[in-house]
Every structure is written in C-alpha cells, then in structure tokens.
1. Given R₀ = 30 Å, FRET efficiency for L201-T56 by Cβ-Cβ distance, to 0.05?
2. What is the count of Lys pairs in the chain whose alpha carbons sit under 21 Å apart, if the two are 8 or more places apart or on different chains?
3. Based on DSSP, what percent of beta bridges with both residues in the chain are antiparallel, to the nearest 5?
4. In terms of modelled amide H atoms, which long-range or inter-chain residues lie less than 5 Å from the amide H of R119?
5. Which trypsin sites (Lys or Arg not before Pro) in the stretch 13-97 sit in a loop by DSSP (not H, G, I, E or B) and have at most 14 other Cβ atoms within 10 Å of their own Cβ?
6. When the dipole is taken about the Cα centre of the stretch 2-203, and only Lys, Arg (+1) and Asp, Glu (-1) are charged at their Cβ, what size is it in debye, to the nearest 20?
7. How would you classify the stretch 116-209 from its alpha-carbon gyration tensor, with a ≥ b ≥ c the square roots of the eigenvalues: rounded for a/c under 1.5, else prolate if a/b is greater than b/c, otherwise oblate?
8. Please give, to one decimal in nm, the separation of the simple spin-label points placed at E19 and Q132, each 7 Å out from Cα toward the Cβ.
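Derivation of every value follows stated rules applied to the coordinates shown; laboratory data play no part. Computed from a prediction, not measured in an experiment: that's the story for all the values here. Please note: Cβ atoms are built from the backbone with ideal geometry, for glycine as well, and neighbour counts cover all protein chains shown.
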Amino acid sequence: MIVLSHRGYWQDAKEKNQEIAFSRSFDLGFGTETDIRDRNGELVISHDMPNGNELTLTDFLRIVGTRNLPLALNIKADGLVGALKDALGRGTLSNWFVFDMAVPDMRAYLQAGIPVFTRMSEVERTPAWLEQSVGVWLDGFSDVWYDAATIESLLRAGKEVCVVSSELHGRDPAAQWHMLRGLPAHPGLMLCTDDPEKAQLFFGDQIND
C-alpha cells in the first residue's frame, strides 16, 4: 500500500495545499495529492479559484526537491497540458500522474504521453479511456460501492489503483481500510488519505517504500 497525503499532510484545515503541509508529508516519506490551476499564465497550487496567494507549481517542486515520492496532480482547469509537461519535464521526478481533468482535456494528456489516472466512482462506473490510462482514481462519493474484487480486477488488468479514503467525504474509513488490508500486497495499490500516519500504522508491513 502506497500512502498519499491529501493536499499535503495538514493538521489544521488552513494548512491544506500549503508549504507546511507538503514539507511535513515529504519529510515523513509520504507522497501527496494536490490541485493544479492557472493564474495569469502561471501554474499554481489551488483547489478553489485562485486569489493570488497560492503556492506556484515552481514553489511546490522546490519543496519536493529530489525526493521522487508519488505525486497525484488533480487538474482543476483545462488547457494546462503543455505548461505542466514543460514544468515536470525539466526536473528528475518520474513518480507522478494526473487525474480529474475534463474528459475532452484528458485526450490531450494521453496524446502528450503524460501518465493519466481515469476516474471511477458510483456515477462513473465505466471510466473514460480506461485502456489508455495507466491507473484508476477509485472514488465513492456517497459510500464504498466497490469491493475487493473490483480492485483486484483492475490490478490484474495492469492498472494502478489509487483509492480515495472515506474520511475525505466525511465518513468513517474503518470498514474500507479493513477491506483494503485484506487485499494481496501489490506495488500498484495506493490510498489517498487525510491521515497518512494513521494509515501507515494500520497497514503496517503492507506499506511500500
């Protein structure tokens, strides 16, 4: 199980997508999920509409440094593929993927050879461009609608799978985590969570470095 922090490893809501949360996550060895938008021609880190105080992608990559930890980049605006490819292509990072862009925009990322995770949820049970995607962002807005067999089937098909932990939607993740712990160890299985240290303790020796 590869554990990713959600918008950095924040301990106060004000820290989400901020340097302190990313530094904490990376210093503890966790990759992260974060949100990419544009502001005045520059890529920035922001879940919501930018207000001018956001970290830039350049700032974010400076915090990452040479640590090639997994990065899940949630694409929040169309038309960023060229700038994002240029920014990530200048460094040595290789352990990253994009997801959640609009379906028409997704085609441009696939054509550019960028690693894409397609979304699968209770309202998207047939993911867009599954065959061309390297992985699946497995979500459940209202409940955990999938089971262990769903995940195993995707992994056997050669797809990486990143599971969205239930607390991101305000639900207790206990039953979901127990289900995940019952899966065979697999290097392509990830969990995106607001509590990566708790996940590390729970999954124990299933954690992959």
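1. For L201 and T56, the calculated efficiency is 0.35.
2. 5
3. About 15 percent, rounded to the nearest 5.
4. Counting only residues 5 or more places away or on other chains, the set is D100, A128, W137.
5. For trypsin sites (Lys or Arg not before Pro) across the stretch 13-97 that sit outside H, G, I, E and B with at most 14 neighbouring Cβ atoms in 10 Å, the list reads R67, R90.
6. About 460 debye.
7. Oblate.
8. Result: 3.9 nm between the two label points.
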